[in-house]
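Undergrad: The structure follows.
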Amino acid sequence: MSAKQLNRRDAITALVLEQGAVTVGALAERLDVSMQTIRRDVDALCEGEMLHRVHGRIELNAEFLNTPFDQRAGTNLSGKRAIGEAAASLIPNGSTVFISIGSTALSVAKSLRNRKELTIITNNLSAAMALSEEMSNRIILPGGELRLPDRDILGNDVLDFFGRFRADFAVFGTAGIADDGGLLEFHTTEVRATQKIRANAKKSILVVDWSKFGRQAPALGDNITEIDTIIIDRRPGKAFAPLLDKIKDRLLVAEGESA
């Protein structure tokens, strides 16, 4: 395969990761090549596990698609509540906090309701609303289009927004955790947003329930071994014991080791 073909196919994959599905015609126009060329690229890419072609477009396979936000928010409520309370216990009054998108990060926001004089910098509208009842808080949101039904804002403007601030803590979740500790997301924009708040915070806090260990998602971010504090509700299966041993000094099990 030529370098030109490889770059084009990487670009196609990136576009599908960003949008979930892209038509063959839109790809040909975007990459300024013929429909025949794009069809050859799509056929080759669809031989793998991540992508498939249907009705003139290329899509992510179902196992790589995200679950709707409200469905995620309604699962494992006790575990996420425990994670939220454990994370909130690390964040004192008067802190400046980045809060990412996601249902577990939202649980942290809900657990911070008793804190005073927080500065919250977030693209998670639900988290902002959860903390808006405390009048001493300052809540800073980016501009842009609200993504529904997740009620969050993503895109390059959000990266510029996060780049203008520094925080004491960066609180974020992840869609999945690979066997080697890689943090997985469904969109590369989510990866870049997490990396930006990590870079601009004094301390990073990953909040994730046990079901995310081994869960598939296509976009690779940082590694769990690079995070300052990792909070889980309970330990995942034995297959991840070696990985957890690497982070044991930075790992908090919110529901206790016997859970």
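Undergrad: Which of the residue pairs K116/K203; K202/K238; K110/K246; K116/K212 have a Cα-Cα distance greater than 25 Å in the structure shown?
TA: K202/K238; K110/K246; K116/K212
Undergrad: If contacts are Cα pairs under 8 angstrom and at least 6 residues apart, what is the relative contact order of the chain in percent?
TA: In percent, rounded to a whole number, it is 16.
Undergrad: Right, here's the next one. Using Cβ contacts closer than 10 Å as the measure, can you line up S136, S103 from fewest to most?
TA: S136, S103
Undergrad: Return R9, R164 ranked ascending by Cβ neighbour count within 10 Å, so the fewest neighbours appear first.
TA: R164, R9
Undergrad: Rank by packing, highest mean first: peptides 25-31, 46-52, 200-206, with packing defined as the count of other Cβ atoms within 10 Å averaged across residues.
TA: Per-residue Cβ counts within 10 Å, averaged per peptide and sorted highest first, yield 200-206, 25-31, 46-52.
Undergrad: Might you report the magnitude of the Cβ-based charge dipole of segment 3-64 about its Cα centre, with Lys and Arg at +1 and Asp and Glu at -1, to the nearest 20 debye?
TA: It comes to approximately 240 debye.
Undergrad: Show that you can apply the helix-only estimate: for the chain, add -39,500 (n - 2.57) for every DSSP H stretch of four or more residues, divide by all residues, and state [θ] at 222 nm to the nearest 500.
TA: The per-residue figure over the chain is -10500 deg cm²/dmol.
Undergrad: Along the charge dipole of segment 100-161, Cβ charges K/R +1 and D/E -1, which of L154, A128, P142 sits furthest on the positive end?
TA: Final value for the positive-end residue is A128.
Undergrad: Hey, another quick one. Go through T96, A219, M1 and say which Cα lies farthest out towards the positive end of the charge dipole of the chain; charges sit on Cβ, +1 for Lys and Arg, -1 for Asp and Glu.
TA: After comparing all options, I get T96.
Undergrad: Using a Förster radius of 51 Å, what is the FRET efficiency between L77 and D43 based on their Cβ-Cβ separation? Nearest 0.05, please.
TA: Details: r = 44 Å, r/R0 = 0.86.
Calculated transfer efficiency: 0.70.
Undergrad: Fewest to most neighbouring Cβ within 10 Å: what's the order for I153, I139?
TA: The fewest-first ordering by Cβ neighbours comes to I139, I153.
Undergrad: Turning to a different aspect of this structure: Among bridges DSSP assigns within the chain, what percent are antiparallel (round to 5)? Each step should come with its number before you reach the end.
TA: Numbers: 14 of 36 bridges.
For the chain, the DSSP antiparallel bridge percentage is about 40.
Undergrad: Could I ask something else about it? Rounded to the nearest 0.05, what FRET efficiency do M135 and E226 give with R0 = 45 Å and r taken as the Cβ-Cβ distance? Could you check?
TA: FRET efficiency, M135 to E226: 0.80.
Undergrad: So what J values fall out for segment 233-243 if you push phi through Karplus, 6.51 cos²θ - 1.76 cosθ + 1.60 with θ = phi - 60°, rounded to Hz, Gly and Pro as x?
TA: For segment 233-243, the Karplus-derived couplings read 6, 8, 6, x, x, 4, 4, 9, 4, x, 5 Hz, x marking Gly and Pro.
Undergrad: Roughly how many Å is it from the Cα centre of segment 79-104 to that of segment 146-194, as a whole number?
TA: Result: 15 Å between the Cα centres.
Undergrad: Another question about this same structure. May I ask you to compute the full-extension gain from K248 to A14, defined as 0.36 nm times their residue separation minus their alpha-carbon distance, rounded to one decimal in nm? Provide the component values of the computation, followed by the final result.
TA: Working: separation 234, 0.36 × 234 = 84.24 nm, distance 3.42 nm.
Extra length available between K248 and A14 comes to 80.8 nm.
Undergrad: Please give the charge dipole size of segment 78-202, origin at the Cα centre, charges +1 on K and R Cβ atoms and -1 on D and E Cβ atoms. Round to the nearest 20 debye.
TA: That gives segment 78-202 a dipole magnitude of about 380 debye.
Undergrad: Ordered by residue, what ³J(HN,Hα) values in Hz, to whole numbers, does segment 178-190 give under the Karplus form 6.51 cos²θ - 1.76 cosθ + 1.60, where θ = phi - 60° and Gly and Pro are x?
TA: 6, 4, 8, x, x, 8, 10, 9, 8, 9, 5, 5, 5
Undergrad: Another question about this same structure. Please give the peptides 95-101, 140-146 ranked by average Cβ packing (other Cβ atoms within 10 Å per residue), highest first, as a rough proxy for protection.
TA: Per-residue Cβ counts within 10 Å, averaged per peptide and sorted highest first, yield 95-101, 140-146.
Undergrad: Of all DSSP beta bridges located in segment 176-243, what percent are antiparallel, nearest 5?
TA: 55
Undergrad: Report the one residue of L31, G48, I58 whose Cα lies farthest in the direction of the positive end of the charge dipole of segment 3-64 (charges on C-beta: Lys and Arg +1, Asp and Glu -1; origin at the Cα centre).
TA: Toward the positive end, the furthest listed residue is L31.
Undergrad: At a threshold of 8 angstrom on Cα-Cα distance, excluding pairs fewer than six apart, so keeping six or more, what relative contact order does segment 3-64 reach in percent?
TA: Reported as a whole number, the value is 34 percent.
Undergrad: What is the dipole size for the chain, taken about its Cα centre, with +1 at each Lys and Arg Cβ and -1 at each Asp and Glu Cβ, in debye to the nearest 20?
TA: The calculated dipole for the chain is roughly 340 debye.
Undergrad: Once the piece of chain linking M35 and Q5 is laid out straight, how much longer is it, given 0.36 nm per residue of separation minus the C-alpha distance between them?
TA: 9.4 nm
No lab work stands behind these numbers, since they all come straight from the coordinates. Predicted model only: the values in this text are computed from it and were never measured. For neighbour counting, all protein chains shown are included, and Cβ atoms are generated from backbone atoms with ideal geometry for every residue, glycine included.
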